[in-house]
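Working notes, beginning with the structure itself.
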Amino acid sequence: MKIYVVGLGPGGKEDMTLRAVHAIESADVVTGYDYYIELIRDMIGGKEVFSSAMKKEAERCKKALEYALSGKMVAMVSSGDAGIYGMAGLMYEVCAAHPEVKIEVIPGVTAACSGAAVVGAPLSHDFAVISLSDLLTPWEVIEKRIKAASDADFSICIYNPSSKKRSDYLNRACGYMLEYKSSDTPCAYAENIGREGEVYTICTLGELADVQTNMFTTVFIGNSQSRIINGRLVTPRGYKNI
């Protein structure tokens, strides 16, 4: 009885780990969010598939457990890294009463890494990753984390910066950061990372406050040492000072 919780990375096979590819190939059943299943449709072949819409994460994990208890090898797929805003934690929770089911988490390339590679090298020093989605986290907690990371001069990577229902969340987050960071702080955002339509933009924190993004965008805010080098956002580690 085994469930692989597989991080797919940005979505293209060339950005997946070999472990992820092998896990999907060896599975009898593949489960996941509808959109992510479509990203790997050509890898699934004739395997049994269970997919569902967003906000059905617990349902997918329970179904994966059912398959595993019936003796099938299951691959639960998750975008990016399965342990970073992914399905790994929930899968462990759902299987808590079934220690006989082995769970193997297959790491993947999270958007902080793949997006950073697109825009330059913004995370070369200490950084914080914060999601602006308040579906599972109260906005008051998100606000506190943004302010703490900004006050500590972290470079910041933002996931889920906005959506149709949260169109002003990035603007609000920028307002908090501007209490601690200069409006000239270099920033960048990348959309459709590793997929068709990939694009990135370099801007300042002041400009970022007026940008409208979506759920497929990852945002990077530099620290006090970050700068733009040949059109890319770079946060020096400090090697030149040694």
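For region 169-223, the candidate set comprises residues that are touching a strand residue (DSSP E or B) at 6+ places or on another chain (Cβ under 6 Å) and among the aromatic types (Phe, Trp, Tyr); within that set, the residue that is farthest from residue 121 (Cα to Cα) is 216. Pairs are defined by a Cβ separation below 8 Å, a sequence spacing of at least 6 or placement on different chains, a first member in region 146-163 that is more than 17 Å from residue 119 (Cα to Cα) and open to solvent by less than 10 Å² (accessible area, probe 1.4 Å), and a second member that is of a type in the set (Asp, Glu) and assigned to a loop (DSSP other than H, G, I, E, B); the pairs so defined are 150/179; 162/168. Taking the criterion of being open to solvent by less than 30 Å² (accessible area, probe 1.4 Å), of a type in the set (S, T, N, Q) and either more than 20 Å from residue 199 (Cβ to Cβ) or in a strand (DSSP E or B) (or both), the only residue of region 108-132 that qualifies is 131.
Results for (1) over 20 Å from residue 202 (Cβ atoms); (2) not small (Gly, Ala, Ser), shown as yes or no for each residue.
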residue: 80; (1), (2): yes, no
residue: 84; (1), (2): yes, yes
residue: 113; (1), (2): no, yes
residue: 126; (1), (2): yes, yes
residue: 131; (1), (2): yes, no
residue: 136; (1), (2): yes, yes
residue: 143; (1), (2): yes, yes
residue: 157; (1), (2): no, yes
residue: 160; (1), (2): yes, yes
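Scanning region 22-49 for residues that are within 12 Å of residue 11 (Cα to Cα) and β-branched (Val, Ile, Thr) yields 37, 40.
Scanning region 197-221 for residues that are open to solvent by 50 Å² or more (accessible area, probe 1.4 Å), at pLDDT 95 or above and either part of a helix (DSSP H, G or I) or farther than 30 Å from residue 40 by Cβ (or both) gives 202, 207. Just one of the numbered conditions (1) touching a residue at least 12 places away in the same chain (Cβ under 8 Å); (2) of a type outside the set (Phe, Trp, Tyr); (3) over 19 Å from residue 160 (Cα atoms); (4) open to solvent by 30 Å² or more (accessible area, probe 1.4 Å) is not true of residue 41: (1).
Suppose we keep only residues that are among the aliphatic types (A, V, I, L, M) and in a strand (DSSP E or B) within region 168-196. Which one would you say is nearest to residue 143 (Cα to Cα)? Taking the candidates together, the pick is 188.
When region 175-196 is filtered for residues that are aliphatic (A, V, I, L, M) and open to solvent by 40 Å² or more (accessible area, probe 1.4 Å), only 178 remains. Out of all the residues in region 222-237, is one or more free of Cβ contacts under 8 Å to residues at least 40 places away in the same chain, on the phi > 0 side of the Ramachandran plot and open to solvent by 50 Å² or more (accessible area, probe 1.4 Å)? Yes; the residues of region 222-237 include at least one that is free of Cβ contacts under 8 Å to residues at least 40 places away in the same chain, on the phi > 0 side of the Ramachandran plot and open to solvent by 50 Å² or more (accessible area, probe 1.4 Å). Any chance you could count how many residues in region 6-56 are closer than 27 Å to residue 198 by Cα and of a type in the set (Lys, Arg)? Within region 6-56, residues that are closer than 27 Å to residue 198 by Cα and of a type in the set (Lys, Arg) number 4.
The values are calculated or read from the model by the stated rules, or taken from the named source; none is laboratory data. What you are looking at is a predicted structure, and each value in this text was computed from that prediction instead of being measured. We place every Cβ from the backbone using ideal geometry, glycine too, and count neighbours over all the protein chains shown. Just the protein is used for accessible areas: all its heavy atoms, side chains included, with ligands, DNA and RNA removed. Shrake-Rupley method; radii C 1.70, N 1.55, O 1.52, S 1.80 Å.
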